[in-house]
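The structure appears right after this line, and notes come after that.
The values are calculated or read from the model by the stated rules, or taken from the named source; none is laboratory data. Note that the structure is predicted; figures quoted are calculated from it, not measured. So basically every Cβ, Gly included, is an ideal-geometry build from the backbone, and we count neighbours across all protein chains shown.
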Amino acid sequence: MRTIDIAQQAGVHVNTVRLYEQWHYISPVPRQKNGYRNYRDIHLQQMYIARLAFKQEFIQNNLRKMATGIVRLSGREQFNEALEAANDYLQFLQRELSFAKQAVDMANALLQNELPEARTYSHKEIAAHLQLTEETIRNWERNGLFTVARDAQNRRIYNEQDVQKLLIIRTLRSAHFSIASILHLFEQIDSVEQVADLHELLNSAQFKSEFYHVTDELELNLHEAIRNTQHIITILEKLQ
């Protein structure tokens, strides 16, 4: 195939094909005697993998790194490793979707005054529970997104209200709200430290407009990313 042929089949500009070769997203392309590139079917399949991996605009940060890792492994024809990475990525996306749904379910339950069972968590336990790093949670606290009680030994003690607040923050961050934007949203409504305050936050027109819109968009994007990753896995299984 010529460059224009593979570009048309992959649905990209010819310059994108050349860039993908330069970035090693596809295997080195052999040349004909006249110097023209001669693409094979494997290059087309690698193009499909790259296009599927980068299709969602919301893909950033860790998601972008994971997607890029799959594409680079494919470009090096390390298809077994790429398949393993794609399966890990699929599980990660499914977990993110689960957290997004939990956040909506939690918000709806609280609006109906369905209070969760009372329990407390250590800093390490809350990080594991929300699948976040301990430093990420500390960073949110340092930036004023939430406050947490301390025990006599000055150790953080998280209750269910803290879990709910952190789940909201986690979801907004997954939808790529900046820390400054989340802080501004919370400050405009009220401080969220007591049950009544959290209920007031969830009931506010501004929060509903922001939160339910971004969670809807996040869920739609995650569903699409999951479908695309499943398609990538199908391609990689055939390339093994």
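The table for this structure:
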read-out: Answer residue from region 29-50, given it is over 21 Å from Ile235 (Cβ atoms) and not in a loop (DSSP other than H, G, I, E, B) and is nearest to the chain's Cα centre (by Cα) among those; value: Arg37
read-out: Helices (runs of 4 or more DSSP H) wholly inside region 81-176 containing at least 1 residues that are surrounded by fewer than 14 Cβ atoms within 10 Å (Cβ to Cβ) and in the same structural domain as Asp216 (by TED's automatic domain parsing); value: 123-130, 134-142
read-out: Filter result (polar (S, T, N, Q) and exposed (fewer than 14 other Cβ atoms within 10 Å of the Cβ)) within region 10-35; value: Asn15, Gln22, Gln32, Asn34
read-out: Residue within region 5-24 that is basic (Lys, Arg) and either free of Cβ contacts under 8 Å to residues at least 12 places away in the same chain or within 21 Å of Phe79 (Cβ to Cβ) (or both) present; value: no
read-out: Condition check for Ile70: at pLDDT 95 or above, among the β-branched types (Val, Ile, Thr) and either buried (at least 19 other Cβ atoms within 10 Å of the Cβ) or not in a helix (DSSP H, G or I) (or both); value: yes
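Conditions (1) in a loop (DSSP other than H, G, I, E, B); (2) in contact with a helix residue (DSSP H, G or I) (Cβ under 7 Å, 6 or more places away or on another chain), marked per residue:
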{"residue": "Gln9", "(1), (2)": "no, yes"}
{"residue": "Glu21", "(1), (2)": "no, no"}
{"residue": "His24", "(1), (2)": "yes, yes"}
{"residue": "Ser27", "(1), (2)": "yes, yes"}
